[in-house]
1. Evaluate the following for Arg36: is it exposed (fewer than 12 other Cβ atoms within 10 Å of the Cβ) and of a type in the set (Lys, Arg)?
2. Filter the range 1-10 for residues that are within 15 Å of Leu52 (Cβ to Cβ) and part of a strand (DSSP E or B); which is farthest from the chain's Cα centre (by Cα)?
Amino acid sequence: MIPIRILNGSTLYINAELVETLTAVPDTVITLTTGRKILTRTSPEEILAAVLDYRRRIHQAPIVEPRAAAADAGAAPSPARRAS
């Protein structure tokens, strides 16, 4: 979810995966893949940056804590399964 400022000044959170197009006329119109249109004060550049940041965070490799990694390294290997 990414935050946007709608015309009355309040914040609305939208699903970044649903953003299809952004149009500046002079306010920004966000068109979602559902067909819904949202008029916002947030600039297209800010929305694009938020969508890209969201996608980077979602698609990055998981962060492993050092303690958890050390505990896993000392764990006994699991027994191999036999193919049936």
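Bear in mind that the values in this text are calculations on the coordinates, not laboratory data. Bear in mind that the values here come from a model prediction, so they are computed numbers and not experimental data. Note: ideal-geometry Cβ built from the backbone for every residue, glycine included; neighbour counts use all protein chains shown.
1. Yes: the conditions hold for Arg36.
2. The selected residue is Ile4.
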